[in-house]
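The values are calculated or read from the model by the stated rules, or taken from the named source; none is laboratory data. Values in this document were obtained by computation on a predicted structure and should not be read as measured data. Heads up, the Cβs are rebuilt from the backbone with ideal geometry, glycines too, and the neighbour counts pull from every protein chain shown.
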Amino acid sequence: MVKVLRSLVNGPLEPHIAGFAEVLLRQGYTQSSAERHVCFIAHLDRWMQAADVGLADLSGRVIERYLAERRAAGYRDYRSVKAFRPLLGYLVPLGVVPVPPRVPLGPVEELLASYRGWLLGERGLTAGTVRGYVDCVRPFVASRLRGDVLDLGSLNAADVTGFILAACPGRAAGSAKLIVCALRSLLGWLHVTGQVPVSLAAAVPSVAGWRLSGLPKGLEPADLRRLLAGCDRRTPTGRRDIAVMLLLARMGLRAGEVARLGLDDIDWRHGELVIVGKGNRSERLPLPDEIGTAIAAYLRWGRPDDAQGRSVFVRVHAPHGPLTTGGVTMIVFDGAQRAGLPKMHAHRLRHTAATAMLRSGSPLAEVGQVLRHRSAMSTAIYAKVDHSALAVLARPWPTNPDGDVL
């Protein structure tokens with residue numbers, strides 16, 4: 001229980017501070033963390049008293065004013081709006097503070113909201129993919145704003161080409177291709193919904209890039225062992241991290257697939273996992289014993305009892321919400337630092353899994369099945385790292401009669 005002194009909190013927040021402190025503990029905050037948060041609330045309570053601010057006045061503008069004064073006073077923590085989220089999350093459902101007013105969407109965001117709904121509902125794309133598409137086309141839509149109205153009727157091929165020529169130079173090929181793909185999708189949707197008379201998707205120029213030109217960079221077995229050995233399995237964090245890395249490095253899962261893995265996706269009786277991949281496609285994969293053991297150890301002795309939701313992997317710090325795709329990537333990033341390896345992201349371990357399968361003699365078709373590639377061309381890039389197969393195709397270097405290399 002967090003001790004709350006009336007001498008510290010005796011203003012507008014006094015009736016709610018004890019209940020708020022109990023909620024913090026239930027959400028997984030440590031005793032010391034909850035006490036620090038209560039001290040922050042006590043400071044806010046004293047400021048509200050001095051400024052004659054009641055709970056009904058605790059709006060966004062008042063919060064910004066308080067934070068500005070707190071920063072000016074030299075405080076080094078609890079200086080942003082993020083610090084208010086736990087308190088507002090507790091007070092808003094009680095009805096004692098005003099609900100933030102809903103800001104009306106402008107014409108740009110209204111159109112993008114409709115486009116977002118179409119991608120989610122009709123195309124079946126994942127939320128992360130939709131967010132990427134919308135972010136890519138937002139500047140294009142904003143460029144059609146004329147006052148308070150979107151001018152789509154006069155849109156022509158030159159406008160489309162001009163946007164791509166201005167947006168793509170200086171970008172990596174993958175980033176430029178995403179912009180091109182998203183813009184074609186938006187233009188097709190605008191035509192289907194009757195907002196433009198002619199589809200201009202064909203007017204979007206292609207990005208110069210050669211498929212299969214890169215070389216997959218998997219980890220060497222010794223480096224992978226160092227990476228995995230850096231996880232301290234005696235701690236809850238280490239148990240989580242080793243399970244995450246094994247899913248990436250042994251099964252070749254994507255970071256988003258690991259983040260979305262739910263407790264109901266594990267079939268312990270049959271030793272299978274249900275993986276929700278690109279396009280929300282669900283597929284069942286066998287659960288190797290090594291990975292199943294690591295997940296079970298995390299669920300028994302690592303996953304917090306107050307974890308929110310049904311996600312397998314959750315945040316280490318309270319509140320213990322689901323681990324995000326970025327969180328999975330940071331596990332690999334931090335693990336590489338501990339092991340003294342170069343900077344790497346989660347997808348590097350997917351390449352490692354594919355390379356290991358090839359080295360053990362698995363054909364490309366089987367590698368593609370494990371990685372769940374829709375096209376064989378996506379798997380073909382791994383042929384470049386199959387040195388034993390490539391050696392058969394290599395011609396001997398010409399030599400002269402004395403055996404010297406020419």
Some residue of the range 100-110 being among the acidic types (Asp, Glu) and not in a helix (DSSP H, G or I): no
Within the range 280-302, work out how many residues are crowded, with 20+ Cβ neighbours inside 10 Å and not in a helix (DSSP H, G or I). 1
Pick from 335, 340: which is surrounded by 10 or more Cβ atoms within 10 Å (Cβ to Cβ), at pLDDT 90 or above and touching an Asp or Glu at 6+ places or on another chain (Cβ under 9 Å)? 335
Kindly establish whether residue 184 is over 22 Å from the mean Cα position of the chain (by Cα), at negative phi, modelled with pLDDT of 95 or more and of a type outside the set (A, V, I, L, M). yes
Considering each of 171, 184, 131 in turn, give the residue that is closer than 23 Å to residue 278 by Cβ, free of Cβ contacts under 8 Å to residues at least 24 places away in the same chain and not in a helix (DSSP H, G or I). 171
Take residue 208 and tell me if it is over 25 Å from residue 325 (Cβ atoms), at pLDDT below 90 and surrounded by fewer than 14 Cβ atoms within 10 Å (Cβ to Cβ). yes
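Residues checked against (1) in contact (Cβ under 8 Å) with a residue 24 or more places away in the chain; (2) surrounded by 14 or more Cβ atoms within 10 Å (Cβ to Cβ); (3) not assigned by TED's automatic domain parsing to the domain that holds residue 276; (4) not polar (S, T, N, Q):
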| position | (1), (2), (3), (4) |
| --- | --- |
| 68 | no, no, yes, yes |
| 83 | yes, yes, yes, yes |
| 144 | no, yes, yes, yes |
| 148 | yes, no, yes, yes |
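Test residue 28 against the stated conditions and say whether it is farther than 20 Å from residue 10 by Cβ and touching a His at 6+ places or on another chain (Cβ under 8 Å).
Values: farther than 20 Å from residue 10 by Cβ: yes; touching a His at 6+ places or on another chain (Cβ under 8 Å): yes.
Yes, satisfied.
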Just to verify a result, which residue in the range 5-49, among those that are polar (S, T, N, Q) and more than 16 Å from residue 70 (Cβ to Cβ), is surrounded by the most Cβ atoms within 10 Å (Cβ to Cβ)? 27
Looking at the structure I just gave you, is residue 310 among the charged types (D, E, K, R), modelled with pLDDT of 90 or more and surrounded by 15 or more Cβ atoms within 10 Å (Cβ to Cβ)? no
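Give the residues of the range 58-109 that are closer than 30 Å to residue 151 by Cα and out of contact with any strand residue (DSSP E or B) (no Cβ under 9 Å at 6 or more places or on another chain), sorted by residue number.
101, 102, 103, 104, 105, 109
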